[in-house]
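Worksheet: one structure, shown below.
The values are calculated or read from the model by the stated rules, or taken from the named source; none is laboratory data. Only a predicted model underlies this, so the values are computations on that prediction, with no experimental measurement involved. Neighbour counts are summed over all protein chains in view; Cβ atoms, including those assigned to glycine, are modelled from backbone coordinates with ideal geometry.
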Amino acid sequence: MSFTMSASFVVNGTVVDAVTGGGLQGVVVSVKGSGTRVLTDNKGAFQLTIEGKSQTIEFSHLGYTTVTKKVNAGDNKIIIRMASDQLKMEEVVVTGFATPMDSRLSGRVAGIQITSSKSRRKNQQKNALADTYYQPQHEAPPLDREGYDAITENGFKTVGQDPLSTFSIDVDAASYSNVRRMLNMGQLPPAGAVRIEEMINYFKYDYKVPVKDEPFSINTEIAACPWNNDHQLVSIGLQGKLIPSGNLPASNLVFLIDVSGSMEDQNKLPLVQQSLKLLVDQLREKDRVALVVYAGNAGLVLPSTSGEEKIKIKDAIDRLSAGGSTAGGAGIKLAYKTARENFIKGGNNRIILCSDGDFNVGVSSDAALEEMIETERKSGVFLTILGYGMGNYQDAKMQKLAGKGNGNHAYIDNLSEARKVLVKEFGGTLFAIAKDVKLQIEFNPANVQAYRLVGYENRVLNKEDFNDDLKDAGELGSGHTVTALYEIIPVGIESRFIKSVDKLKYQRDNTGSKSTRNNNSSNNSNNSNNKSSKSSNTNTNTNTNNNKNSINTSGNGSGAAGEMMTIKFRYKKPDGDVSSLITHPVTFTSASISKTSENFRFAAAVAQFGMLLRNSEYKQQSSYQNTWTLAKDALGKDDEGYRSEFLKMIRNAQALQQKEERTVMSYE
């Protein structure tokens, strides 16, 4: 049997900034007169298959002048230099990924379609592109079918009325990669898609490592707020203990994969398959994996299998194809059942759900799914959710399910992001070192007039939840960093954000000082033998005490007048039910933003960017240029290029905003 293929050749290349020489991510590389196009990766690299002996390639990118180049067979490697043109807006509307499957079996398992390789072989030959690049598509899908919850931003609270601020940590980073996807497609994100804490925590920060047996270190820093110099900005950073991969406990994993009809797109199921195969490569002999899939029904495609049998696991993944409705509830139930049956005591028992979240059969409402997961998590099985796709992506649902499942949530927009989440951050994504991590900050009315927690709107807790060990909170993974920012209005500063309240008639003390004295007395009752911390950027020393372990760095309350706040942390061991307590005072200091660490400045820049994208009422003097300058001066050691990529996102958003404003003006 013979067949004829048209002549073609492959061009590899790199697109760089003509001035800096740095690689440009997200450049649209297209063959003129055909539908073939790809996007460059985070180093500016691309690979393109050219039909015929000669073609003209076009390179376009937001904020850059379009470049065209004729290539011939034999031009195997090229470098393209693009000049910046901030006044010009190029349309970037490419979506999808070329990640063809190699399906090896055919038939149906529990209502799940499994296809043979013959039906896909032609596509594999036609789309022989590197797995990190985008699949051709002519326009970005609208966002109106994607699901985002409205976010009511945290406002300023006066210390006299609300001296305590309580919230759960959040190590999710889905919002950042989702926003990046939209900006790369030439779309400004809806406000509900911008969760500032997730954007900040997408990045790693160079915090001090924990010492001895501490699960994490605590690092604080204070300086003038970059978007309002009359205010102060406080950074609270946690650095989780890094467990070497060889010392990580055995894993009992269940891959729960959505193979419904909505997952057909190249940036959905095919990308899921490529992503999970990267994870399989990280598994050891003592780790185990089962594969559960769901469409109209749920089915067990692969029983729990040793991580040593990588070919068998990958073959099971490769067999899948999409079709049918979406019985997400049935799939979740079967996945938990499978995880319980193969439970490893003292191990990492976790479900990894891969979906666009568009459930429509059986148990599918948010409330019913949340209730199911809240019940199932009592078994000690954690839940990681990986979101895929666009056009119908249900971000709000995915976010809620991960929170209820003692888990985390990432959005995978390309294979580079999959590699970041499942390979480079393998331990942090899949191995918890602490769960139910909560923070409670008590502000000192002598120095703080009002405060605002930047982001974490979905993680705010009631003050009494802090001491309630039955109240669920976030988990911290191996090597993870978590950062939270507070904007502070010092005493004596006039602000439009502070609203007047009539003096209360029946209260003995309307300043909060009585409450403060009582709280300090209670909080310090077990801590009188420890020395007070004198630094605003410190680690904690640990001691244990009584039923709920208490770790203290505060002291006996002396010198409290010089303190801005006291931070309290509660956390449990991954298999524990009783929390431990850490207290950490922060001394009032005043410094310019230029004197702060790169950690502080970069986190502040990301927060400012998020407020601009949201058009926040608290953005004050924020601007894209100020954001770019602040981030540019705080790139630090950026081996993976994530921070440099952020600079390009700022310029993309600025150009899109300017275009939108010009469009509005043209109609006025």
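For the condition at pLDDT below 95 and part of a helix (DSSP H, G or I), what is the one hit in Ser554, Ser558, Ser594?
From the options Ser554, Ser558, Ser594, the qualifying one is Ser594.
Output the residues belonging to segment 202-251 that are assigned to a strand (DSSP E or B) and surrounded by fewer than 17 Cβ atoms within 10 Å (Cβ to Cβ).
Restricting attention to segment 202-251, the residues satisfying the condition of being assigned to a strand (DSSP E or B) are 216-225, 228-240, 251.
Those that are assigned to a strand (DSSP E or B) and surrounded by fewer than 17 Cβ atoms within 10 Å (Cβ to Cβ): Asn229, Asp230.
I need the full set of residues from segment 439-459 which are closer than 18 Å to His409 by Cα and either out of contact with any helix residue (DSSP H, G or I) (no Cβ under 6 Å at 6 or more places or on another chain) or not in a loop (DSSP other than H, G, I, E, B) (or both), in order please. I'd like the intermediate steps shown before the answer.
Keep residues of segment 439-459 that are closer than 18 Å to His409 by Cα, which gives 455-459.
Glu457, Asn458, Arg459, listed by residue number.
Condition first: closer than 23 Å to Tyr205 by Cα and either aliphatic (A, V, I, L, M) or assigned to a strand (DSSP E or B) (or both). Can you find one or more residues in segment 637-645 that meet it? Let's see the steps before the verdict.
Keep residues of segment 637-645 that are closer than 23 Å to Tyr205 by Cα, which gives 637-645.
Retained after the next criterion (residues that are either aliphatic (A, V, I, L, M) or assigned to a strand (DSSP E or B) (or both)): none.
Within segment 637-645, not a single residue is closer than 23 Å to Tyr205 by Cα and either aliphatic (A, V, I, L, M) or assigned to a strand (DSSP E or B) (or both).
Out of all the residues in segment 308-338, which are of a type in the set (Val, Ile, Thr), over 16 Å from Ser355 (Cα atoms) and either in contact (Cβ under 8 Å) with a residue 24 or more places away in the chain or touching a helix residue (DSSP H, G or I) at 6+ places or on another chain (Cβ under 7 Å) (or both)? Before you say what the answer is, go through the steps one by one.
Of segment 308-338, the ones of a type in the set (Val, Ile, Thr) are 311, 313, 317, 326, 332, 338.
Remaining after also requiring over 16 Å from Ser355 (Cα atoms): 311, 313, 338.
Matches in segment 308-338: Ile313, Thr338.
Look at Val209 and say whether it is out of contact with any Cys (no Cβ under 6 Å at 6 or more places or on another chain), of a type in the set (A, V, I, L, M, F, W, C) and assigned by TED's automatic domain parsing to the domain that holds Ala327. Show your work before the answer.
Working: out of contact with any Cys (no Cβ under 6 Å at 6 or more places or on another chain): yes; of a type in the set (A, V, I, L, M, F, W, C): yes; assigned by TED's automatic domain parsing to the domain that holds Ala327: no.
It is false that Val209 is out of contact with any Cys (no Cβ under 6 Å at 6 or more places or on another chain), of a type in the set (A, V, I, L, M, F, W, C) and assigned by TED's automatic domain parsing to the domain that holds Ala327.
Which condition breaks for Asn178 when tested against (1) under 20 Å from Gly357 (Cα atoms); (2) part of a loop (DSSP other than H, G, I, E, B)?
For Asn178, the failing item is (2).
Can you give me the number of residues within segment 456-510 that are under 21 Å from the mean Cα position of the chain (by Cα) and not β-branched (Val, Ile, Thr)?
Total meeting the criteria: 17.
Here are Tyr148, Tyr134: which of them is buried (at least 24 other Cβ atoms within 10 Å of the Cβ) and either at pLDDT 75 or above or closer than 20 Å to Lys420 by Cβ (or both)?
Tyr134
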